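For reference, the structure discussed in these notes is given below.
The values are calculated or read from the model by the stated rules, or taken from the named source; none is laboratory data. Since we're looking at a predicted model, the values are computed, not measured. For neighbour counting, all protein chains shown are included, and Cβ atoms are generated from backbone atoms with ideal geometry for every residue, glycine included.
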Ligand SMILES: Nc1ncnc2c1ncn2[C@@H]1O[C@H](COP(=O)(O)O)[C@@H](O)[C@H]1O
Ligand SMILES: Nc1ncnc2c1ncn2[C@@H]1O[C@H](COP(=O)(O)O)[C@@H](O)[C@H]1O
Ligand SMILES: Nc1ncnc2c1ncn2[C@@H]1O[C@H](COP(=O)(O)O)[C@@H](O)[C@H]1O
Ligand code: NA
Ligand code: NA
Ligand code: NA
């Protein structure tokens, strides 16, 4: 792939209504005009998107089958999610002035994933006629939680020597609170239902779950843009150049590492691109919630702003076309 | 109809995404994962379903006409709703240890109807290509309220001898509060509009009201499952074996009685099956609200748990295929 | 156009599900049955409608181009919005007993526009196969705010001599608060996105933004009817015959003036009809909010009830067919 | 700044009963207004409840907040208690100060 | 457990005016924070209102809750009263105790 | 009308931590119930937040309202303070009167 087609892809992404509505919400927020949705709606749209993507993923598996080999990406994703926070923690301690606890909290976000970044990438791929394997949805679900455990472990290790209050004294996160969070359950539950009912089930509920999907995603990204912009504005003082840089280079590192990890796998180019997107994206639903509960001494303004205000916009506007182009270059040629 | 086709129907019902999402919500709740929707959404989805079903029913009447004979089911439904609570009350006093007031409150629920059970049955029927008469929606609306009046009358009669505080001293339910509740008004209003605008009106708003209907129903049943499961978990101690048994056998009694009542009527097999479903279902919207207002001394944990936690799941998972199979057997053969 | 076709149009409008659902909500409210939507939903549906209409307008511009001449209606609209409040103020002072501040506040509402009246008229036009120019959406956006400025100027001028508390002492409305209100930003932002992405963008999100639009409008008008009816009932004592008459004749005056103003313009008949609808409609979103903020001494019961309880129903039920018929008569023949 | 002593009632009550309670308050001398706050959930002798997922609103409660002059405290409290006592809910009474004495 | 006396303001105000009031509070010495609660509806001299169905939110109100040290009570109350008095709303003042004296 | 003195706790806490706090309260002697109110937004030393647009609810807070007998005030306050103090939130204590002494 040459520069021209990369630019074409970037322009195509930027010209997608999904991304443009994100930019609208973001720009309006910077001009202090609030285009966010009421909270019950925002929460429901998020549930809808997870239900829909889970169901579609399940139908995809039903259609194309899922051999044992197709579970390899799942293993790769889970491993990545568990290990990447260690790299992130080291990078933050080297290239920023964040304390240990904050660094651990931030690092956990980058091991985990952003489902909306994932959805946007799926949309960009489908705009040019590409679909990935249904199992990718399971990979996304599988990558949500291991990073949380890794982050908490890092914080506990870090807290041990100095901290008077002591991390250990605090109630740890129970397995239920970490793993059985409702987004993971809904994603996997809908996947199971889609798998079970297959294309016939999809035919039933397609006008709800598939047809309006892209439009709903536009509405959601309008809201996400509004919230990201507002957060950036409000917390711009809480956050210095070091962490911001981290929020820009770490996605690239994640995508590059993942590119190597998926190289040998039996996966479509679109599937490999999506794995890179998952690696590059940072959580702003499951991980912030877990950190607030289990690591109250970390500063939420830092990790939320980085993940939602810096990395998310970066990925949506620049990262996604880049990762897809890279995947095209590396894996289309190779095969 | 032989056992094989009954099992086939049951499997078909259980394999429907609508029922599977109910089971997902229910199972998650039992595992203490909350998949419920925010309340403003849950309420709106309920309004949407009533608006849609009312409108469709009205269009159905406009298409096929409604002679005088077609109003007979309405009369049968209203009568059933007014009388069935007396049977229910007697049964509860015999087979459970509930006091008079609680028995009256519970009995009222079973004379009235559950609109979602009704919708699920319509969906199961339409999955195999069956449609019922539009007037059935009016029957559903007509059956909501008489049972409330019957239940309050039972409670008042029961309360007279002993109770010091005296039921009579309390403010009765006004006709406005009972009959003009918003779900009945919306159902009948939408029916009137659908009747008036007919197929042309339907063509206008079909992409909102008809196409995504089944998908929305899935979302709603996810929520209902979550709420039913949570309620069952929380109130499992408030409720003993007697009432639970009642919640399982009373739907069968209602369906059987209704089967006899509709036997001679001019109604499609699907219509008769739906009448049985209405009889078998128990209210968890209109009646609990009325009971809380007019019968505060009855224990809501009992009637809500029975209706939503026991009878509703029973009907959705087992009852509906059974009633449809029965109707097939009784009425298809007979004609 | 003769009387028959006018009556036919009126019947067609009244027979539209959109208008019938409005009447249902309104009538139910008068019977004290509340069919309103929960607030987060009502707000979101309003956002959806603005997003959808803005986007469609933008796509329309992309399809048909927008020469300089097509911006003339925009100029006419803005001018109308800025000047009409002066006429309204004079009329109110002459034909009602409202004080200066209340008169200024009310007059501002009639210079501005009601987006839902506009949408309803678009729907009525499209039901008979007519579409207007995309630029009309920009006109609607452009007419929202000038009337606010005019109304505040009128109130300030009126308040100067007598008022002890003095209007001037109060914090004026900042430009941000007036012009950058979220509905204007969303309308114009969506218009820009629609313009940019054009028909391809529309094809992407049509199942969300276009197909269910009319059905969603029904739901919204059910809610608007409920709120309008409730407001009329609650505030019927706060408002006397003079202002009510104003609420009925002023739309006609506005539509007539606008008919003259658009006469020479290069605009479809449907476009001219919509300009008349905009002129005739009164704001109940942007202007009431601005008046509460910047003119707290004006009585909200008066301006809200007039705009939402009197003029809005009048326009939806009687005004729209009338303005369209007038436009047909004046402009179809003329060309 | 000069302030005046008033009485504040906090009334927790089932939302279904709010229209009735409101009608009663409107009819009482000494009640010039009240404010209703939504309640998300709670726990008591009759168990736990939450608003989430509720389709019917039968279970929800609201908090009603009412500022009174102390002259009317006893009559109002008696009437409200009679109403609330027969259903789920509770009432607290506390002392507050306000700036505009005439409003209450 | 040792507690310290503070002052609590409850400010009921139109939600449209909340950003302005918040900006004012942020600028006042002695105000370290506040909390905003949604209001569902109410009744007063100017009639009844409810949040249900509202499209624009022009009618809604919010409750603002602010804990102060008593040293700042008078200046803050005066400023807030000047703001609230010219529009719909009301303020109450009451005594509370807190554990962490330094936070307010 | 006869009333009885009780203690009222107002606990502002992150909504994510509500289930844990509720479980703690349920386990404490002297706590017979509590009521949870939604919070729309607020401002404090750690900045401003609002519920609008929130996808995850990680940022939201809730207000927990609990009526106690004064015998249990100290133990309950100590336990609750230990819980709230390590995260965002605050507690106020005030005096109220109730009609039914036996309920608390
Ligand atoms: N001690 C208490 N403090 C605050 N709220 C309470 C208390 N007890 C009960 N409540 C509230 O009142 C509702 C009904 O209480 P109960 O009837 O005891 O179940 C509960 O769901 C709580 O919202
Ligand atoms: N005595 C009162 N107690 C509590 N809230 C009140 C009282 N009076 C007025 N309010 C609230 O203040 C709002 C405006 O009051 P008003 O300006 O008197 O109509 C009402 O809608 C109520 O929410
Ligand atoms: N003085 C105060 N009065 C009322 N609420 C406060 C006050 N200070 C803080 N809060 C609330 O507590 C939350 C967290 O406070 P903080 O940890 O200081 O940022 C804020 O967002 C407010 O909702
Ligand atoms: Na990642
Ligand atoms: Na029944
Ligand atoms: Na106008």
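Some points to look at:
- Subset of the range C:209-221 [crowded, with 24+ Cβ neighbours inside 10 Å and not in a helix (DSSP H, G or I)]: C:212
- Residue B:98 meets each of the listed conditions (1) assigned to a helix (DSSP H, G or I); (2) buried (at least 20 other Cβ atoms within 10 Å of the Cβ) apart from (1).
- Taking the conditions (1) at pLDDT below 95; (2) surrounded by 16 or more Cβ atoms within 10 Å (Cβ to Cβ) in turn, residue F:96 satisfies each one other than (1).
- Residue-level analysis places residue F:77 outside the set of residues that are under 12 Å from the mean Cα position of the chain (by Cα), within 22 Å of residue E:104 (Cβ to Cβ), within 16 Å of ligand 2 (Cβ to nearest atom) and away from chain A (no Cβ under 14 Å).
- Checked against the criterion of being away from chain B (no Cβ under 13 Å), free of Cβ contacts under 8 Å to residues at least 12 places away in the same chain, within 22 Å of residue E:88 (Cβ to Cβ) and in a helix (DSSP H, G or I), the range D:80-93 contains not a single residue that satisfies it.
- Considering the conditions (1) closer than 16 Å to residue B:17 by Cα; (2) at pLDDT 95 or above; (3) surrounded by fewer than 24 Cβ atoms within 10 Å (Cβ to Cβ), residue A:82 is excluded by exactly one of them, (1).
- For the range B:38-60, a residue qualifies if it is more than 21 Å from the chain's Cα centre (by Cα) and facing chain D (nearest Cβ under 10 Å), and the qualifying residues are B:38, B:40.
- Qualifying residue in the range C:103-110 (condition: closer than 29 Å to residue C:213 by Cα and touching a residue at least 60 places away in the same chain (Cβ under 8 Å)): yes
- The single condition from (1) within 16 Å of ligand 2 (Cβ to nearest atom); (2) at the interface with chain E (Cβ under 10 Å from one of its Cβ atoms) that residue C:305 fails is (2).
This table checks each residue for (1) closer than 28 Å to residue A:66 by Cβ; (2) assigned to a helix (DSSP H, G or I); (3) in contact (Cβ under 8 Å) with a residue 24 or more places away in the chain; (4) more than 14 Å from chain C (Cβ to nearest Cβ).
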position	(1), (2), (3), (4)
A:231	no, yes, yes, yes
A:239	no, no, yes, yes
A:255	yes, yes, yes, yes
A:264	yes, no, no, yes
A:284	no, no, yes, yes
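Residue-wise test of (1) under 30 Å from residue B:26 (Cα atoms); (2) free of Cβ contacts under 8 Å to residues at least 60 places away in the same chain; (3) away from chain C (no Cβ under 14 Å); (4) surrounded by fewer than 20 Cβ atoms within 10 Å (Cβ to Cβ).
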{"position": "B:193", "(1), (2), (3), (4)": "no, no, no, no"}
{"position": "B:207", "(1), (2), (3), (4)": "yes, yes, no, no"}
{"position": "B:223", "(1), (2), (3), (4)": "yes, no, yes, no"}
{"position": "B:246", "(1), (2), (3), (4)": "yes, no, yes, no"}
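- Checking every residue in the range D:58-77 against the condition of being surrounded by 19 or more Cβ atoms within 10 Å (Cβ to Cβ), without any contact (Cβ under 8 Å) to a residue 60 or more places away in the chain and within 16 Å of ligand 3 (Cβ to nearest atom) gives zero matches.
- Checked across the range B:123-133, the condition of being at pLDDT below 90, more than 14 Å from chain C (Cβ to nearest Cβ) and in a helix (DSSP H, G or I) holds for at least one residue.
- Criterion applied to A:103, A:91 was being away from chain C (no Cβ under 14 Å), at pLDDT 95 or above and either surrounded by fewer than 21 Cβ atoms within 10 Å (Cβ to Cβ) or within 16 Å of ligand 1 (Cβ to nearest atom) (or both), and the one residue passing it is A:91.
- Test: residue in the range D:47-62 that is at the interface with another protein chain (Cβ under 9 Å from one of its Cβ atoms) and within 16 Å of ligand 2 (Cβ to nearest atom): yes
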